[in-house]
Amino acid sequence: MRLSLVGSACVALLLMGAAVFAHHSSAGIDRTKTVELTGTVRQFGWTNPHSWMEVDVPDQKGGTVTWKVEMTSPAYLVRAGWKSTTVKQGDEVKVTVRPLRDGSPGGLFVSVLLADGRSLTERPVTTPTPPAAKP
């Protein structure tokens, strides 16, 4: 009985690990391309494990296409200068994404240019430290 319980626990842990790995797969993202979207924020989700935004982008037919953009967690965004109120419904933005391989309107967030001129990414911008002067 004890061996069966231990075996079941091991199988459960392996399956959970596989699910986590699958969740973070980037196979559907074309990391060789970037697309710049100009549009209006439809929704912004400040949530774990990933923040996200939906952006309504005008199309060539006079309609709009809603792009779903996946971002990183709020913890990383805060370190990069974001607040939960940085992007709001109705804001006009330019968002750069790595598009989905299948061509559907979505992708992985790279950066955003806000109406006030600020440009934000998911990671803090670091300035290289100059080498120390030699005596």
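Read-outs throughout are calculated quantities, based only on the coordinates presented, and are distinct from any laboratory measurement. The model shown is predicted, which means the values in this text are computed figures rather than measured ones. Neighbour counts are summed over all protein chains in view; Cβ atoms, including those assigned to glycine, are modelled from backbone coordinates with ideal geometry.
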Which far-off residues, 5 or more places away or on another chain, put their amide H under 5 Å from the one on D91, with H placed in the peptide plane?
V41
Determine the sum of side-chain charges near L108: Lys and Arg each +1, Asp and Glu each -1, restricted to other residues whose C-beta is under 12 angstrom from that of L108.
+2
So which aspartates and glutamates pass the test for K68, namely a Cα distance under 18 Å, with those fewer than 8 places away in the same chain ruled out?
D30, E36, E54, D56, D59, D91, E92, D102, E122
Scan around T64 for amide H atoms under 5 Å from its own, H built in the peptide plane at 1.01 Å from N, and keep only partners 5 or more places away or cross-chain.
D59
For R118, R42, order by how many other beta-carbon atoms lie within 10 Å, fewest first
R118, R42
Going residue by residue through segment 83-89, the Karplus relation 6.51 cos²θ - 1.76 cosθ + 1.60 with θ = phi - 60° gives ³J(HN,Hα) values, rounded to whole Hz and with x marking Gly or Pro, of 10, 5, 9, 4, 10, 10, 3
Grab the beta carbon distance between A27 and D116, set R0 = 41 Å, and tell me the FRET efficiency rounded to 0.05.
0.70
Run the paramagnetic zone check for K88: 7 angstrom along Cα to Cβ, then residues of segment 42-75 with backbone nitrogen under 13 Å.
44
